[in-house]
Each structure stands twice: as structure tokens, then as C-alpha cells.
Amino acid sequence: MAYKITDECIGCGACVEGCPVECITEADGKYVINADECLDCGACADNCPVGAPVAE
């Protein structure tokens with residue numbers, strides 16, 4: 001299962017720094033995970049200060 005970034009996202013970009021496959025992009029001040037490329041590793045969630053990335 002891929003991760004998804006919830007509405008809790010504050011747009012800080014910390015999730016991008018931890019992603020080993022660079023599947024996170026910014027859209028309108030929020031970040032989005034490409035589910036087709038996500039490895040479900042949880043690195044984005046580990047880096048997020050507000051817990052916005054969650055497993056679907």
C-alpha cells in the first residue's frame with residue numbers, strides 16, 4: 001500500500017527529503033505522493049513533523 005498525505009500537511013517539504021524514490025511533489029502548497037512510485041517505506045512519515053503522510 002502506498003502512503004497518502006492528508007490535509008494535516010503544512011507544506012514544509014520535510015517528507016520530500018526522506019523519500020528514497022522521489023515520488024513526492026508539491027501542488028498548491030501541499031505535497032502529493034505518486035502511489036504508483038511509492039515503496040511504502042514510511043520515510044516520509046518519519047520525517048513529517050505533523051504526521052500528515054499515512055498508509056492507505
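The values are calculated or read from the model by the stated rules, or taken from the named source; none is laboratory data. This is a predicted model, so every value here is computed, not measured. Please note: Cβ atoms are built from the backbone with ideal geometry, for glycine as well, and neighbour counts cover all protein chains shown. These area figures cover heavy atoms from the full protein model, side chains too; ligands, DNA and RNA do not enter into them. Shrake-Rupley method; radii C 1.70, N 1.55, O 1.52, S 1.80 Å.
Taking region 25-56, which residues are among the charged types (D, E, K, R) and more than 9 Å from Tyr3 (Cα to Cα)? So that I can check it myself, show each step before the final result.
Quick first cut of region 25-56, residues among the charged types (D, E, K, R) only: 26, 28, 30, 36-37, 40, 46, 56.
Those that are among the charged types (D, E, K, R) and more than 9 Å from Tyr3 (Cα to Cα): Glu26, Asp28, Lys30, Asp36, Glu37, Asp46.
Close Cβ contacts (under 8 Å, 6 or more residues apart or on different chains) running from residues in region 33-56 that are of a type in the set (S, T, N, Q) to residues that are not in a loop (DSSP other than H, G, I, E, B) comprise Asn34/Ile24; Asn34/Thr25; Asn47/Ala14; Asn47/Cys15; Asn47/Glu17; Asn47/Gly18. Residue count for region 3-36, restricted to those that are open to solvent by 80 Å² or more (accessible area, probe 1.4 Å), part of a strand (DSSP E or B) and touching a Pro at 6+ places or on another chain (Cβ under 9 Å): 1.
Leu39 meets the conditions (1) open to solvent by less than 80 Å² (accessible area, probe 1.4 Å); (2) in a loop (DSSP other than H, G, I, E, B); (3) aliphatic (A, V, I, L, M) in every case but one. The failed one is (1). Taking the criterion of being more than 8 Å from the chain's Cα centre (by Cα) and either closer than 12 Å to Ala45 by Cα or in contact (Cβ under 8 Å) with a residue 24 or more places away in the chain (or both), the residues of region 8-18 that qualify are Glu8, Cys9, Ile10, Cys12, Gly13, Ala14, Glu17, Gly18. Residue selection: Asn34 fails the criterion of being of a type outside the set (Phe, Trp, Tyr) and in contact with a helix residue (DSSP H, G or I) (Cβ under 9 Å, 6 or more places away or on another chain).
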